[in-house]
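Below: the structure, in C-alpha cells.
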Amino acid sequence: MPVLYVRIPEDRVGAAIGPGGSVKRALAASTHTDIAVGADDGEFRIAGPDDADPLSVLKARDVLLAIGRGFSPERARRLLRDDAYLAVLDIKLVSGKRGKSQMWRIRSRLIGTHGKARERIEELSGCSVSVYGSTVAIIGRERELERATQAVELLLHGSEHSTVFHMLARQRRDDAREAASNPLPIPDLPD
C-alpha cells in the first residue's frame with residue numbers, strides 16, 4: 001500500500017479539510033485514496049490501496065501541498081489532471097537574510113496593486129499563481145509552467161513588470177502562430 005505524508009501550515013489545515021470534511025472527502029474519492037489528518041500538527045497521511053495506481057497518491061499529495069501554499073481547493077484540484085504540475089519557488093533565495101521588509105517588497109512586486117501583477121501573469125501564462133509566506137506556487141501545464149516560472153524569477157530579480165508582461169504576451173502570440181501554422185490533420189471519413 002503506497003503511503004505518503006505531507007505537512008501543511010496550520011492556518012491552511014481548515015481549507016484542506018473543508019466544511020465538515022467535504023474537501024478531504026472529495027479529494028479522497030476522486031483519487032481513490034484514504035486521507036487522514038494528524039491530531040493538531042497539520043500532517044496528512046495519504047494511503048492508496050495495493051491495487052491502485054501509485055500516481056493517485058502523488059496527485060492527492062500535490063493537491064494538499066497546493067492548498068498548503070495558498071491555493072483554494074477548487075484551484076488546487078487542477079492538479080488532478082494528467083497534464084498539470086506544481087512548482088514552488090522560494091522567495092528567500094532572492095531576498096536572502098535581509099529581513100522582513102525585503103521579503104515584503106518582493107512579495108508586493110509579485111502580487112501588484114490589488115493583485116493585478118499576479119492576475120496578469122496568470123492571464124498571459126495560463127497558470128494559476130499563489131504567493132503565500134515566503135513562497136510562490138504555480139500550477140499549470142509543462143510549457144505554461146516554464147513561462148510563468150521564468151516570469152516570476154525575472155520579477156524576483158528586479159525586472160520591470162512591463163518587460164515581463166511583454167515577454168509573456170510575445171510567447172503567447174508565438175504559440176498561437178505556431179498552432180495556426182500546424183493545424184491538426186482531418187481524418188478521412190468513410191463514404
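Does any residue of segment 58-81 turn out to be assigned by TED's automatic domain parsing to the domain that holds residue 170, of a type outside the set (D, E, K, R), surrounded by 18 or more Cβ atoms within 10 Å (Cβ to Cβ) and in contact with a Ser or Thr (Cβ under 7 Å, 6 or more places away or on another chain)?
The answer is no, given that none of the residues of segment 58-81 is assigned by TED's automatic domain parsing to the domain that holds residue 170, of a type outside the set (D, E, K, R), surrounded by 18 or more Cβ atoms within 10 Å (Cβ to Cβ) and in contact with a Ser or Thr (Cβ under 7 Å, 6 or more places away or on another chain).
Given the residues 93, 64, 55, 86, which is the only one that is modelled with pLDDT of 95 or more and in a helix (DSSP H, G or I)? Can you show your working first?
On the way: 93 fails: modelled with pLDDT of 95 or more; 55 fails: modelled with pLDDT of 95 or more; 86 fails: in a helix (DSSP H, G or I).
Only one candidate passes the filter, namely 64.
Restricting the search to segment 41-55, which residues are among the small types (Gly, Ala, Ser) and crowded, with 19+ Cβ neighbours inside 10 Å?
Answer for segment 41-55, where residues must be among the small types (Gly, Ala, Ser) and crowded, with 19+ Cβ neighbours inside 10 Å: just 48.
Among (1) buried (at least 19 other Cβ atoms within 10 Å of the Cβ); (2) modelled with pLDDT of 85 or more, where does residue 113 come up short?
Only one criterion is unmet by residue 113, namely (1).
Can you name the residue in segment 96-129 that is outside any helix (DSSP H, G or I) and touching a Gly at 6+ places or on another chain (Cβ under 8 Å) and, of all such residues, is farthest from residue 156 (Cα to Cα)?
So, considering only residues that are outside any helix (DSSP H, G or I) and touching a Gly at 6+ places or on another chain (Cβ under 8 Å), the one farthest from residue 156 (Cα to Cα) is 126.
The values are calculated or read from the model by the stated rules, or taken from the named source; none is laboratory data. Predicted model, so just to flag it, every value in this text is computed and none were measured. Cβ atoms come from the backbone with ideal geometry, glycine included; neighbour counts cover every protein chain shown.
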